[in-house]
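What follows is one structure encoded as structure tokens, with my remarks underneath.
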Amino acid sequence: MKSKKSVLLVLIAATFWGTAGIFVRSLTAFGIEAMQTVFGRAVFSALIFAVIILLKDPSLFKIKLRDIWAFFCLGFFSIVMFNYCYYKTMSLSSLSTAAVLLYTAPFFVIIISAVLFKDKITFKKAFACITAFIGCCFVSGAFSQRQTISAECIFFGLMTGFGYGLYTIFSNILFKRKYQTLTINFYAFLFALIMSLPFSKPVETIKNLSDRPISILIVFLMAVINTVIPYICYTAALKKLDGPIALIIATLEPVVATLIGFLVFKEALTVHSAIGIILVLGSVVILHKGERNAT
């Protein structure tokens, strides 16, 4: 049975995730590369989660050796691989194409959940998923652009959606093994930090951040606002909300990003964007009505 509180938590997470553009653009202006941003965010996020656990309940650090593989996969596939493939897709195509391919994630989760957890693929869930995806296409402007997409771009784009979706899958596996939200998030970012070291040029990253103290503050705020808060909300929501439904609701993220672009960066709000926003919100309403009927 789905919880209204869980739906609200996903909406909060999507809203905070939607602020990414503010931080990424600010760091890019200071010459901070994409993987360096990933590394810096992982460092601060892991530290913040560690402090929270120390203050709340140090026993949450305890995990079983037989479960390390799941935490490793969560950090590597759902954070490091996801970010790498996302940035790679953006380098091979437009930002709109990268955004659209990112939101293939609900499709992957619906299929994997059906196989691993025996979740039913209902008409309402599938319809909402397709509606949200089409909405993301409109929001991103994919339908208003003519461009050639390479096979390499499609591959990395699909891997982005796959990696994004795997966060939901591995979180559900760890929840079934009685781990708490804070434990899951701490080890996810700890392993992400370790696995991102070979790709992020840590010495150069530390130097670049040190040369521009304001960038350290930006990365810290990114960790708090764009990472710790939304990941806590989203992971907590997965306790009572089906994974595919949580990801469909999370498609509100590009809507928030579009509105921030319009309000903060004075980007144009097109008719296509407006149609997309309506479709994404419509998919959330469809799922919310289903949630009310289930309670």
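The values are calculated or read from the model by the stated rules, or taken from the named source; none is laboratory data. Note that the coordinates shown come from a computational prediction; the quantities given were computed from them, not determined experimentally. Every residue, glycine among them, receives a Cβ derived from its backbone with ideal geometry; neighbour counts consider all protein chains shown. Ligands, DNA and RNA are excluded from the accessible area calculation, which covers all protein heavy atoms including side chains. Shrake-Rupley method; radii C 1.70, N 1.55, O 1.52, S 1.80 Å.
Numbers below:
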| item | result |
| --- | --- |
| Per residue accessible area in Å² of the range 6-60, where ligands, DNA and RNA are left out and the probe is 1.4 Å | 42 |
| With all protein chains modelled, accessible area of Glu253 [1.4 Å, Å²] | 40 |
| Separation in nanometres of the label points that stand 7 Å from Cα toward Cβ, at Arg25 and Phe262 | 1.5 |
| Length released on extending from Val224 to Ala50, taking residue separation times 0.36 nm less the Cα-Cα span | 61.3 nm |
| Those lysines that a straight Cα-Cα span of less than 19 Å connects to Lys124, excepting residues fewer than 8 apart in one chain | Lys2, Lys4, Lys240, Lys289 |
| Nearest-10 value in Å² for the accessible area of Ser210, using the 1.4 Å probe | 70 |
| Contour excess over end-to-end distance, with Cα ends at Ile154 and Ile216 and 0.36 nm allotted per residue | 18.9 nm |
| Most positive-pole-ward Cα, Thr183, Val139, Leu193, against dipole of the range 131-260 from beta carbon charges | Thr183 |
| Heavy-atom accessible area order for Leu279, Leu101, largest first, 1.4 Å probe | Leu279, Leu101 |
| The range 105-215 shape via C-alpha gyration tensor axes, a/c threshold 1.5 | oblate |
| Solvent exposure of the range 150-291 as accessible area per residue, Å², 1.4 Å probe | 42 |
| Dipole in debye (nearest 20) - the range 99-242, about Cα centre, beta carbon charges: Lys, Arg +1; Asp, Glu -1 | 520 |
| Within the accessible area of the range 162-225 (1.4 Å probe), percent carbon and sulfur | 73 |
| Residues of type lysines that Lys62 reaches as a straight line, Cα spacing below 22 Å, ignoring anything fewer than 8 places off in the same chain | Lys176, Lys178, Lys239 |
| Dipole magnitude (debye, nearest 20) for the chain, charges at Cβ of Lys, Arg, Asp, Glu | 920 |
| Label-point separation, Val203 to Val115 (7 Å along Cα→Cβ), nm | 4.3 |
| Rounded Å value of the spacing that divides the Cα centres of the range 152-195 and the range 36-95 | 8 |
| Accessible area, probe 1.4 Å, largest first, for residues Arg66, Arg212 | Arg66, Arg212 |
| Surface share of carbon and sulfur [accessible, 1.4 angstrom probe, percent] for the range 37-135 | 76 |
| Under the span-like rule (Cα at least 27 Å along the axis, Kyte-Doolittle mean at least 1.6), DSSP H helices of the chain | 34-56 |
| Max mean-square fluctuation residue, GNM over the chain, Cα-Cα springs under 10 Å, options Ala151, Ala128, Ala70 | Ala151 |
